[in-house]
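*Asks:* Here it is, the structure in full.
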Amino acid sequence: MSIFTGKIAMVTGSASGIGQGLAEALAGEGARVIATDINIERLEANINLQNRSGNSVRLERLDVTDYGAFKKMIEDVVSQEGRLDYIFNNAGIAIAGDLRDVTIEHWHQVLDVNLNGVLYGALLAYQQMGKQGFGHIVNLSSIEGLLPFPTTASYVTSKFAVMGLSQSMWVEGADLGIRVSAVCPGFVRTDIFDVSPMINMSRDEWLKANAVWERFAVTPEKCAKIILKGVAKNKPIIMVTGLAHVMWRLSRINPSFLLKTIRKEFAKWRHKARLSE
């Protein structure tokens with residue numbers, strides 16, 4: 001029997017990608033899943049958990065940037081289910097562009113979803129789990145929460161913040177019975193950067209420049225399985241892909257070398273992009 005069997009698990013950003021993979025994997029493990037997304041139509045179209053398992057599954061619309069709505073959602077879950085065992089704060093967006101071109105409005109959009117959306121879910125779950133004396137909060141950070149990747153500074157900033165939040169909660173929540181994990185997936189075959197706004201950049205050129213990472217990417221389904229395995233082992237930081245592991249270790253062993261390498265490669269890419277204009 002899986003440790004997730006019969007557990008109450010809430011997942012944000014469940015309409016696609018890692019969130020969809022997590023919701024489906026949890027249902028397959030016997031959990032009672034509350035799968036949420038801001039786009040309820042896409043959620044209902046892409047995920048059909050009732051047909052995939054005999055477990056009770058709820059599909060709910062949730063805007064993670066709305067604190068009041070998030071609070072009510074968790075209160076409703078606890079009222080109906082009696083507790084909240086797991087929350088997976090997965091919802092996220094990205095905007096790519098040169099720092100000179102990305103506006104403060106763009107920054108607000110990314111931070112509102114990627115930081116505030118995680119913060120709201122984590123804090124609300126933390127309060128409930130503190131009362132219960134148990135529970136596990138899983139926050140989706142990124143390898144970009146450990147290393148800067150050019151042209152996605154707002155995304156990088158949000159993911160660094162999620163990592164800091166998660167580690168702080170891990171330290172403070174332990175003696176309350178609250179477990180906390182931060183996830184750094186690495187490269188996963190989702191559409192987040194395929195559909196992300198590109199500010200004064202060619203999407204084709206950006207995708208081409210990042211195509212090298214595709215060979216290291218995993219599917220959302222495989223990513224979800226690795227995450228759940230890490231959660232079951234109560235890992236404070238869950239690295240998903242092999243490349244994420246390597247880059248994480250390099251960042252700890254020789255951060256200056258890695259930063260200089262990233263800077264050098266970006267300078268080459270920027271120069272090439274200028275020549276093609």
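*Asks:* In segment 264-275, is there at least one residue being modelled with pLDDT of 85 or more and assigned to a helix (DSSP H, G or I)?
*Replies:* yes
*Asks:* Looking at segment 187-214, which of the residues that are out of contact with any helix residue (DSSP H, G or I) (no Cβ under 9 Å at 6 or more places or on another chain) and either of a type in the set (Lys, Arg) or at positive phi (or both) is modelled with the highest pLDDT?
*Replies:* So, considering only residues that are out of contact with any helix residue (DSSP H, G or I) (no Cβ under 9 Å at 6 or more places or on another chain) and either of a type in the set (Lys, Arg) or at positive phi (or both), the one modelled with the highest pLDDT is 200.
*Asks:* Are any residues in segment 130-153 touching a residue at least 24 places away in the same chain (Cβ under 8 Å), touching a strand residue (DSSP E or B) at 6+ places or on another chain (Cβ under 9 Å) and within 21 Å of residue 110 (Cβ to Cβ), and if so, which ones?
*Replies:* Within segment 130-153, 138, 139, 140, 141, 142, 143, 145, 146, 151, 152, 153 meet the criteria.
*Asks:* Let me ask you something else. Of all residues in segment 156-201, which are in contact with a strand residue (DSSP E or B) (Cβ under 7 Å, 6 or more places away or on another chain), part of a helix (DSSP H, G or I) and small (Gly, Ala, Ser)?
*Replies:* Answer for segment 156-201, where residues must be in contact with a strand residue (DSSP E or B) (Cβ under 7 Å, 6 or more places away or on another chain), part of a helix (DSSP H, G or I) and small (Gly, Ala, Ser): 166, 173.
*Asks:* Okay, next question. Which of the residues spanning segment 7-28 are at pLDDT 95 or above and either of a type in the set (D, E, K, R) or surrounded by fewer than 17 Cβ atoms within 10 Å (Cβ to Cβ) (or both)?
*Replies:* If the condition is that a residue be at pLDDT 95 or above and either of a type in the set (D, E, K, R) or surrounded by fewer than 17 Cβ atoms within 10 Å (Cβ to Cβ) (or both), then 7 is the only one that fits.
*Asks:* Within segment 229-265, how many residues turn out to be hydroxyl-bearing (Ser, Thr, Tyr) and closer than 30 Å to residue 2 by Cβ?
*Replies:* Residues in segment 229-265 being hydroxyl-bearing (Ser, Thr, Tyr) and closer than 30 Å to residue 2 by Cβ: 1 in total.
*Asks:* Since residue 61 meets every condition but one in (1) of a type in the set (Lys, Arg); (2) touching a Leu at 6+ places or on another chain (Cβ under 8 Å); (3) modelled with pLDDT under 95, which condition does it not meet?
*Replies:* (3)
*Asks:* Residue by residue through segment 86-96, note down the ones that are closer than 17 Å to residue 137 by Cα and either touching a His at 6+ places or on another chain (Cβ under 7 Å) or basic (Lys, Arg) (or both).
*Replies:* Answer for segment 86-96, where residues must be closer than 17 Å to residue 137 by Cα and either touching a His at 6+ places or on another chain (Cβ under 7 Å) or basic (Lys, Arg) (or both): just 86.
Listed here are the residues, each with its yes/no results for (1) at pLDDT 95 or above; (2) farther than 24 Å from residue 16 by Cβ.
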residue: 71; (1), (2): yes, yes
residue: 79; (1), (2): yes, yes
residue: 84; (1), (2): yes, no
residue: 89; (1), (2): yes, no
residue: 101; (1), (2): no, yes
residue: 113; (1), (2): yes, no
residue: 116; (1), (2): yes, no
residue: 130; (1), (2): yes, yes
residue: 137; (1), (2): yes, no
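*Asks:* For segment 163-185, which residues satisfy the criterion of being aliphatic (A, V, I, L, M) and either touching an Asp or Glu at 6+ places or on another chain (Cβ under 8 Å) or closer than 18 Å to residue 135 by Cβ (or both)?
*Replies:* Of everything in segment 163-185, those that are aliphatic (A, V, I, L, M) and either touching an Asp or Glu at 6+ places or on another chain (Cβ under 8 Å) or closer than 18 Å to residue 135 by Cβ (or both) turn out to be 165, 169, 171, 174, 176, 178, 180, 182, 183.
*Asks:* For a quick check of your reading of the model, give me the residue pairs whose first member lies in segment 232-256 and is among the charged types (D, E, K, R), whose second is part of a helix (DSSP H, G or I) and at pLDDT below 85, with beta-carbon atoms closer than 9 Å and at least 6 apart or on different chains.
*Replies:* Final answer for the pair search is none.
*Asks:* Could you list, ordered by first residue, the pairs with Cβ atoms under 6 Å in which the first is in segment 1-16 and in a loop (DSSP other than H, G, I, E, B) and β-branched (Val, Ile, Thr) and the second is surrounded by 15 or more Cβ atoms within 10 Å (Cβ to Cβ) and at pLDDT 95 or above, at least 6 apart or interchain?
*Replies:* Final answer for the pair search is 12/36; 12/64; 12/89; 12/90; 12/91.
The values are calculated or read from the model by the stated rules, or taken from the named source; none is laboratory data. In this text, all values refer to a predicted model and were calculated from it rather than measured experimentally. FYI the Cβ positions are ideal-geometry reconstructions off the backbone, even for glycines, and counts take in every protein chain you see.
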